[in-house]
Amino acid sequence: MAKATVLGKTTKADLPKELFAEPFHQSLVHETARADLAARRRGTASTLTRGEVAFTTAKAWRQKGTGRARAGTLGVPKPRHYTVKVNRKARRKAMRAALSVHAERGSVAVLDAAAFEAPSTKAAAAALEKWGARQPTLVVLDAEETGALKSFRNIARVTVAEVGAIGVADAIGAASLVLSEKALETLKGRLG
């Protein structure tokens, strides 16, 4: 069973300044969020162009004598990738800015994940209700905090993510942010 003070509303003064005191950079946060979302796309869609509609089995031109490179069949798949490179310093700065937005709004809470050794969705929902979390809520946990993960994962409009897997789009897209103490330490090491 979870303790009564599992999830406490955290003021900006309680949070580490190296993570939650970054001024908001709209263009940088937008660029990084777009890059995060684009990297998640699969790139498997492929529509036929006018030249590809009726494939032939013939080669495009003969193997030798044209002066051009060898060409095989024209019917090759053409998947694409959507990844956009964002520099490491810029990505870290954008993540700190996204976290700072939550600190300004007062929508950050720090979770005592040790209270969820035995998984309890009912206790997790009660903790969020008591805190007054707005939906959608992002719960960021360390990989080893499986009890808390199992407690929060079945609650509607609550997304549970491992601290290494969250991006700027996740942080900005959530109305409330819940960080475990271990996840907060990991973020300090990664973004500080």
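Residues checked against (1) in contact (Cβ under 8 Å) with a residue 24 or more places away in the chain; (2) buried (at least 22 other Cβ atoms within 10 Å of the Cβ):
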residue: Asp142; (1), (2): yes, no
residue: Glu145; (1), (2): yes, yes
residue: Ala148; (1), (2): yes, yes
residue: Ala156; (1), (2): no, no
residue: Asp170; (1), (2): yes, no
residue: Ala174; (1), (2): yes, yes
residue: Ser180; (1), (2): yes, yes
residue: Lys188; (1), (2): yes, no
residue: Gly192; (1), (2): yes, no
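State all residues of segment 14-64 that are in a helix (DSSP H, G or I) and touching a strand residue (DSSP E or B) at 6+ places or on another chain (Cβ under 8 Å); if no residue qualifies, say none.
Of all residues in segment 14-64, those in a helix (DSSP H, G or I) come to 17-20, 26-39, 50-52.
Within segment 14-64, Phe20 is the sole residue that qualifies.
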Checklist entry - Can Phe55 be described as at pLDDT below 90 and over 17 Å from the mean Cα position of the chain (by Cα)? => result yes
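Has segment 114-128 got any residue that is at positive phi and surrounded by fewer than 22 Cβ atoms within 10 Å (Cβ to Cβ)?
Step one: of segment 114-128, the residues at positive phi are none.
The answer is no, given that none of the residues of segment 114-128 is at positive phi and surrounded by fewer than 22 Cβ atoms within 10 Å (Cβ to Cβ).
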Checklist outcome for this item: Checked segment 72-105 for anything surrounded by 13 or more Cβ atoms within 10 Å (Cβ to Cβ) and of a type in the set (Gly, Ala, Ser); matches are Ala90, Ala94, Ala97, Ala98, Ser100, Ala103
Checklist entry - Among the numbered criteria (1) over 27 Å from Ser151 (Cβ atoms); (2) β-branched (Val, Ile, Thr); (3) modelled with pLDDT under 80, which single criterion is violated by Val29? => result (3)
Checklist outcome for this item: Within segment 102-112, residues within 18 Å of Arg190 (Cβ to Cβ) and either of a type in the set (Phe, Trp, Tyr) or part of a helix (DSSP H, G or I) (or both) come out as His102, Ala103
Checklist entry - How many residues does segment 28-46 contain that are over 13 Å from the mean Cα position of the chain (by Cα) and among the polar types (S, T, N, Q)? => result 2
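The values are calculated or read from the model by the stated rules, or taken from the named source; none is laboratory data. Because the structure is predicted, anything quoted here is derived from the model rather than measured. Methodologically, a virtual Cβ is constructed for each residue, glycine included, from the backbone with ideal geometry; neighbour enumeration extends over all protein chains shown.
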